[in-house]
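Remarks on the structure that follows.
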Amino acid sequence: MSETATFPGDKIASIEEYEAGYNTFDDGDMVRASTVGEKNLDKTSRVASIKHPKMLSIPQVGDTIIGTVAAVMSSMIAVSIDYINEKPTTSKVECVCATRQLRKKNVALLDDIVTLKILNHLNGTIHAKIDEPQLGVLFTKCRKCGGKVVQMRDAIKCTECSWIDERKLSTDYGKSEFIHLRE
């Protein structure tokens, strides 16, 4: 292999010399590779990045992502990223989103499809936010019976068992083509 070939976790450069660029992350001490590829050190802009032949997608700060909730914790959710800026990705990278500030019992539940905005990359973890009106749940099912749900202001109601549940709904809830993914 060539001298510039890298594997995930390989040290690329010191954070004092270069900033983390595409397909890299800052671990607090070093810039490391997040994918297999060839390293590219841009000496003028002082950015280290990785070129991958198939370009696994790592979302950048400010990108809007759509993904499936993989885990729900008391103050955050973990989301498996399926789309970055409306383009499909197969990398299955996950991000975390803090939910404590929203003051809702259930911001999103397991297997909900949500849209988030990337805040930053910190310690090898991608952080996102869900507090803007267009961000939130795009598609969900009843948590009690698994039936279809309809929107009732800021809550959802099951059409089969009439269970009402609170979620952080996106302004695009029910308007997406993502509704057909799981039917």
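Which ³J(HN,Hα) values in Hz, rounded to whole numbers, follow from the phi angles of the stretch 33-48 under the Karplus curve 6.51 cos²θ - 1.76 cosθ + 1.60, where θ = phi - 60° and Gly and Pro get x?
With the stated coefficients, the stretch 33-48 comes to 6, 10, 8, 6, x, 10, 6, 9, 9, 7, 6, 7, 8, 6, 10, 9 Hz.
Give the separation of the Cα centroids, the stretch 103-146 to the stretch 1-35, in Å.
Here the two parts' Cα centres lie 29 Å apart.
Using modelled backbone amide H atoms (1.01 Å from N, in-plane), which distant-in-sequence or interchain residues come within less than 5 Å of T24's amide H?
When sequence neighbours closer than 5 places are left aside, the close amide H contacts are S34, I50.
Pop out the ³J(HN,Hα) list for the stretch 13-24 in order, Karplus 6.51 cos²θ - 1.76 cosθ + 1.60 with θ = phi - 60°, rounded to Hz; leave Gly and Pro as x.
6, 7, 5, 6, 9, 9, 8, 6, x, 5, 6, 9
Relative contact order of the chain, please, whole-number percent, based on alpha carbon pairs below 8 angstrom and at least 6 residues apart. Walk me through the numbers before you get to the answer.
Values: 431 pairs, mean separation 26.7, N = 183.
The value is 15 percent.
Where Rh denotes the Kirkwood radius from the mean inverse Cα pair distance, what is Rg over Rh for the stretch 64-129?
On the way: Rg = 11.1 Å, Rh = 11.8 Å.
Ratio value, two decimals: 0.94.
In whole Hz, with x marking every Gly and Pro, tabulate ³J(HN,Hα) for the stretch 96-105 from phi via Karplus 6.51 cos²θ - 1.76 cosθ + 1.60, θ = phi - 60°.
Per-residue couplings from phi come out as 10, 9, 6, 10, 4, 6, 7, 6, 10, 5 Hz.
Amide H of F139 versus every other amide H placed in the peptide plane: which residues, excluding those fewer than 5 positions away on the same chain, fall under 5 Å?
The answer is I113.
For the chain, just the Cα set please: Rg and Dmax, both in angstrom.
Over the chain's Cα set, Rg and Dmax evaluate to 18.8, 62 Å.
Hey, can you grab everything whose amide H is under 5 Å from the amide H of A13? Only 5+ residues off in sequence or another chain; H modelled, so Pro and N-termini drop out.
Excluding prolines and chain starts, which carry no amide H, the hits are V31.
Each value in this text was obtained by applying a stated rule to the coordinates, not by laboratory testing. Everything quoted here is computed from the prediction, not taken from an experiment.
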